[in-house]
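One structure is given below, encoded as structure tokens.
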Amino acid sequence: MVERNAHARNVILQWLYDHEEEQVRSLAEMINDPQLHFYGDALTSDETGRAFSYLRDQSMVRARRSFGGDVLTPRITARGIACVETGKTVADFTNPQHSGGNVRNTYLPNAQGVIVGEQQNFTQNNNAGIEPSAFIRLAGYLGQVSATLGLEESEWIELERAAEELHAAATSASPEPGRLQALTSRIVDGLTNAAGTIAGQVALQMGQDALGSLG
């Protein structure tokens, strides 16, 4: 439930950003768009409505309501645009960490309460001498934005699968450099068609940085 709520907020904001020049009439237009699906499962009207209400409370979107209560002419605001163009999730943008540290909670595929932050805040016990935080951050980011990258459904499903495998490999007791490199290279290749989106550019840079950390 928490993951679906976070997903809904992120993809609705991205969707409105992508359709900013269009005359979107209501939230109902979003429901059947695969870009908003959660692992292939369409969001419900209630989930979409709750996510939009949260974004409106954060001054990231605006709309008017009909007499029946339907949300009409939804639009993204300047603050919402700023969030999308920084490449941050809604949670990271609305709840920035203070000077005490750069740790943030991030959704990760198959995560078990893992906290991912900047490299100096992350500790991983392994015997391989590998610093896995860059790979875990990449996997977590893809878990959030894979459906917003403008890819064909088969492409982003494959990307999610690779991200899950990368997360498992990076969080193992002894991460294998060859395995991390192969999975990350597979992800970078899969992001080729997403380079035209902000999220795609961020993910590509993260993938390249992760590969560079292997030396």
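The values are calculated or read from the model by the stated rules, or taken from the named source; none is laboratory data. Everything quoted here is computed from the prediction, not taken from an experiment. Cβ: placed from backbone, ideal geometry, glycine included. Neighbour counts: every protein chain shown. Keep in mind that these areas ignore ligands, DNA and RNA; they rest on the heavy atoms of the full protein, side chains included. Shrake-Rupley method; radii C 1.70, N 1.55, O 1.52, S 1.80 Å.
Every listed requirement among (1) at pLDDT 80 or above; (2) in a helix (DSSP H, G or I); (3) not aromatic (Phe, Trp, Tyr) is met by residue 20 save one, (2). Within the range 167-179, track down each residue that is surrounded by 22 or more Cβ atoms within 10 Å (Cβ to Cβ) and β-branched (Val, Ile, Thr). Matches in the range 167-179: none. Scan the range 196-215 for residues that are under 15 Å from residue 177 (Cα atoms) and open to solvent by 30 Å² or more (accessible area, probe 1.4 Å) and the total you get is 7.
Looking across the range 148-157, the residues that are part of a helix (DSSP H, G or I) and open to solvent by 20 Å² or more (accessible area, probe 1.4 Å) come down to 153, 154, 155, 157.
Go through the range 48-62 residue by residue and tally those that are open to solvent by 40 Å² or more (accessible area, probe 1.4 Å) and either under 18 Å from residue 86 (Cβ atoms) or not in a helix (DSSP H, G or I) (or both).
3
Residues that are open to solvent by less than 70 Å² (accessible area, probe 1.4 Å) and assigned to a strand (DSSP E or B) were ranked within the range 24-47; the one that is nearest to residue 4 (Cα to Cα) is 38.
Within the range 64-74, none of the residues are within 18 Å of residue 150 (Cα to Cα) and open to solvent by less than 40 Å² (accessible area, probe 1.4 Å).
Conditions tested, residue by residue: (1) modelled with pLDDT of 80 or more; (2) part of a helix (DSSP H, G or I); (3) open to solvent by 60 Å² or more (accessible area, probe 1.4 Å); (4) under 27 Å from residue 11 (Cα atoms).
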{"position": "125", "(1), (2), (3), (4)": "no, no, yes, no"}
{"position": "146", "(1), (2), (3), (4)": "no, yes, no, yes"}
{"position": "159", "(1), (2), (3), (4)": "yes, yes, no, yes"}
{"position": "165", "(1), (2), (3), (4)": "yes, yes, no, yes"}
{"position": "181", "(1), (2), (3), (4)": "yes, yes, yes, no"}
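Looking across the range 131-142 at every residue that is open to solvent by less than 10 Å² (accessible area, probe 1.4 Å) and within 8 Å of the chain's Cα centre (by Cα), the one that is farthest from residue 34 (Cα to Cα) is identified as 140.
Any idea how many residues of the range 157-212 are of a type in the set (Ser, Thr, Tyr) and under 18 Å from the mean Cα position of the chain (by Cα)? So the count comes out to 3.
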